[in-house]
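Just dropping this structure here.
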Amino acid sequence: MNKTTRRTVIAGNWKMNKTPSEAEQLIGEILTAVSGKSTSGCEIVACVPYVDIDAAVKAAAGSVVKIGAENCHWAKSGAFTGEISADMLKACGVEYVIIGHSERRQYFGETDVTVNQRVKAALEAGLKVILCVGELLEQREQGITSEIVSLQTKIALMGINENQMSDIIIAYEPVWAIGTGKTATCEQADEVCGIIRNVIASLYSDKVAQATTIQYGGSMNAKNAKELLSMVNVDGGLIGGASLKAEDFAVIIEAAQ
Ligand code: PEP
């Protein structure tokens with residue numbers, strides 16, 4: 001197993017936080033916090049609310065920070081009030097999009113099938129995808145984490161070919177660890193990221209599995225990032241709360257070098 005075959009990606013998920021002017025400010029603070037430090041060891045992404053995209057893209061232009069969105073619809077256009085298409089995001093300068101976040105699954109009826117449709121639409125539009133999978137607490141307690149995460153991964157990747165896999169990052173996010181302050185242990189994170197890698201190997205090849213970036217997400221912060229990121233199967237982080245504090249986000253970026 002060799003981590004150097006894949007890129008490390010540190011991505012922030014701002015969720016429903018920050019107005020456009022606050023977004024501009026936070027991107028500026030992140031750039032200040034990482035300036036003069038080495039960032040070549042990881043890719044840095046900020047996934048922001050739709051209304052912040054324009055301000056964030058402008059604030060991050062020409063810098064090391066790439067801008068992502070937090071979701072997209074699967075249709076190209078049409079009667080889907082309140083939704084945003086992947087083409088619209090691409091036209092706004094977005095490079096990444098989070099798909100299948102547990103909050104979308106939990107509060108907005110997202111299913112494995114609609115996650116798959118959204119992944120396909122995003123890739124077709126030329127976006128890179130951060131695909132979220134993860135088990136609920138009761139599923140972990142029932143001992144079915146591996147089955148749940150494997151199934152989520154397999155359904156989300158239905159119809160996705162080997163070449164398209166280079167534009168997909170998978171984020172293992174145990175639902176019980178998101179926004180709760182409860183972090184998976186390094187061993188738990190590494191084990192499930194390894195299970196996901198084996199699923200990718202079975203669907204595609206060992207080469208694709210070894211090249212796929214698999215992040216951990218769930219209360220990753222400035223204190224625990226280094227240890228989590230040192231695990232062989234953990235290739236980065238998807239970070240909620242701590243990505244809203246520039247200094248903390250910068251420490252996590254530093255830990256990924
Ligand atoms: C997330 O929203 O993807 C996340 C991991 O949140 P937090 O870091 O706050 O747990």
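Based on what the data block shows, is LEU238 among the hydrophobic types (A, V, I, L, M, F, W, C) and under 15 Å from the mean Cα position of the chain (by Cα)?
It is true that LEU238 is among the hydrophobic types (A, V, I, L, M, F, W, C) and under 15 Å from the mean Cα position of the chain (by Cα).
Further question on the same structure: Could you tell me which numbered condition ALA201 fails, if it satisfies all but one of (1) open to solvent by less than 10 Å² (accessible area, probe 1.4 Å); (2) more than 14 Å from the ligand (Cβ to nearest atom); (3) not β-branched (Val, Ile, Thr)?
Of everything listed in (1) open to solvent by less than 10 Å² (accessible area, probe 1.4 Å); (2) more than 14 Å from the ligand (Cβ to nearest atom); (3) not β-branched (Val, Ile, Thr), ALA201 misses just condition (1).
Can you name every one of the helices (runs of 4 or more DSSP H) wholly within region 1-109 that holds 3 or more residues which are within 16 Å of the ligand (Cβ to nearest atom), touching an Asp or Glu at 6+ places or on another chain (Cβ under 9 Å) and of a type in the set (S, T, N, Q)?
Filter on region 1-109 gives an empty set.
Something else now. Out of all the residues in region 36-48, which are modelled with pLDDT of 95 or more and either on the phi > 0 side of the Ramachandran plot or out of contact with any helix residue (DSSP H, G or I) (no Cβ under 8 Å at 6 or more places or on another chain) (or both)?
Within region 36-48, GLU43, VAL45, CYS47 qualify.
Please specify each residue of region 155-178 satisfying the condition of being within 16 Å of the ligand (Cβ to nearest atom) and assigned to a loop (DSSP other than H, G, I, E, B).
GLU173, PRO174, ILE178
What's the number of the condition GLY181 fails, among (1) open to solvent by 40 Å² or more (accessible area, probe 1.4 Å); (2) under 22 Å from VAL9 (Cβ atoms); (3) within 14 Å of the ligand (Cβ to nearest atom); (4) not hydrophobic (A, V, I, L, M, F, W, C)?
(2)
Another question about this same structure. Checking GLN152 against (1) at pLDDT 95 or above; (2) within 16 Å of the ligand (Cβ to nearest atom); (3) within 22 Å of SER243 (Cβ to Cβ), only one condition comes out false. Which one?
Condition not satisfied by GLN152: (3).
Hey, another quick one. Take the residues of region 214-230 that are open to solvent by 40 Å² or more (accessible area, probe 1.4 Å) and in contact (Cβ under 8 Å) with a residue 12 or more places away in the chain: which is nearest to the ligand (Cβ to nearest atom)?
Filtering region 214-230 for residues that are open to solvent by 40 Å² or more (accessible area, probe 1.4 Å) and in contact (Cβ under 8 Å) with a residue 12 or more places away in the chain, the one nearest to the ligand (Cβ to nearest atom) comes out as ASN221.
Now a separate question. If the requirement is being surrounded by fewer than 21 Cβ atoms within 10 Å (Cβ to Cβ) and closer than 25 Å to ALA46 by Cβ, which of these qualifies: ASP206, ASP190, ASP167?
Of ASP206, ASP190, ASP167, the one residue that is surrounded by fewer than 21 Cβ atoms within 10 Å (Cβ to Cβ) and closer than 25 Å to ALA46 by Cβ is ASP167.
The values are calculated or read from the model by the stated rules, or taken from the named source; none is laboratory data. Small disclaimer: the values here were computed from a predicted structure and weren't measured. Positions of Cβ are backbone-derived with ideal geometry, glycine not excepted, and every protein chain shown enters the neighbour counts. Keep in mind that these areas ignore ligands, DNA and RNA; they rest on the heavy atoms of the full protein, side chains included. Shrake-Rupley method; radii C 1.70, N 1.55, O 1.52, S 1.80 Å.
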